[in-house]
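Take a look at the structure set out below.
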Amino acid sequence: MRNLSYEEMVKARIRRDASYDGQFYVGARTMKIFCLPSCKARLSLEENMVFFLTREEAIDTGYRSCKRCKPDLFPNIMPNWLDKVLSYMKRNVSERINEKTLVQITGVEISTIRRHFKNHYRLTPMAFHRKLRLAYAKELIQQGVNSNELPSHCGFKSYSGFRTAFFKEFGHSPRDSRHV
Ligand SMILES: [Zn+2]
């Protein structure tokens with residue numbers, strides 16, 4: 001865990017910056033409630049903000065979790081940028097994408113996106129997308145698309161690279177997939 005300065009946490013809370021969700025929690029001294037940095041609820045005065053690095057710390061200090069941002073459920077809740085990433089990935093199964101684009105469409109730091117994918121899917125965002133491309137290839141095979149054309153339809157440069165990835169994912173070659 002990276003060290004966060006007091007100033008950085010205050011700024012992140014004021015900006016309601018979702019990329020800090022899960023990295024720290026902010027309590028309102030007056031209400032004894034704690035929130036995720038991105039919580040849309042009204043900000044308390046800076047002098048009433050108290051910061052915790054873990055939920056346990058907040059709870060042990062007698063704070064209750066906010067009903068609006070539900071910090072007790074984080075990261076089980078979907079971050080609001082995830083939908084953009086997943087729909088972008090699904091729209092672009094026929095080509096390789098890059099992480100820079102994910103940052104551009106979400107406005108979220110790549111480290112946040114990577115962390116979410118690691119926690120939820122045990123994969124990097126790029127490996128997750130490769131899985132989608134391979135699933136798409138499988139569909140194309142079942143539709144009767146010619147093997148030689150498959151790599152270019154799902155973002156692979158060569159047939160051998162495609163075949164290796166396909167085999168790893170499904171345990172059989174693209175050719176054998178026709179009979180499955
Ligand atoms: Zn909240």
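The values are calculated or read from the model by the stated rules, or taken from the named source; none is laboratory data. Just so you know, these numbers come straight off a predicted model, no measurement behind them. Note that each Cβ is placed from the backbone with ideal geometry, even for glycine, and that neighbours are counted across all protein chains shown.
Here are some residues: 110, 141. Which one is outside the structural domain of residue 19 (by TED's automatic domain parsing) and within 30 Å of residue 74 (Cβ to Cβ)? Break it down stepwise before answering.
Values: 141 fails: within 30 Å of residue 74 (Cβ to Cβ).
Being outside the structural domain of residue 19 (by TED's automatic domain parsing) and within 30 Å of residue 74 (Cβ to Cβ) holds for just one of 110, 141, which is 110.
How many residues, within region 128-180, are part of a helix (DSSP H, G or I) and either over 20 Å from residue 96 (Cβ atoms) or hydroxyl-bearing (Ser, Thr, Tyr) (or both)?
Counting residues in region 128-180 that are part of a helix (DSSP H, G or I) and either over 20 Å from residue 96 (Cβ atoms) or hydroxyl-bearing (Ser, Thr, Tyr) (or both) gives 10.
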*asked:* So, in region 1-18, how many residues would count as being within 21 Å of residue 64 (Cβ to Cβ), crowded, with 18+ Cβ neighbours inside 10 Å and within 14 Å of the ligand (Cβ to nearest atom)?
replied: 1
*When the residues of region 60-101 are filtered to those that are part of a helix (DSSP H, G or I) and without any contact (Cβ under 8 Å) to a residue 12 or more places away in the chain, which remaining residue is nearest to residue 7 (Cα to Cα)?*
60
_Of all residues in region 44-56 being surrounded by 16 or more Cβ atoms within 10 Å (Cβ to Cβ) and not in a strand (DSSP E or B), the one that is farthest from the ligand (Cβ to nearest atom)_ = 55
*asked:* Need pairs with beta-carbon distance below 8 Å; first residue farther than 12 Å from residue 55 by Cα and within region 31-42, second within 8 Å of the ligand (Cβ to nearest atom) and among the basic types (Lys, Arg); sequence gap 6+ or separate chains.
replied: 39/68; 40/68; 41/68
*Can you pull out the residues in region 19-37 that are within 12 Å of the ligand (Cβ to nearest atom) and surrounded by 17 or more Cβ atoms within 10 Å (Cβ to Cβ)?*
21, 25, 26, 27, 28, 33, 34, 35, 36, 37
*So residue 147, is it at pLDDT 95 or above, within 28 Å of residue 177 (Cβ to Cβ) and over 14 Å from the mean Cα position of the chain (by Cα)*: no
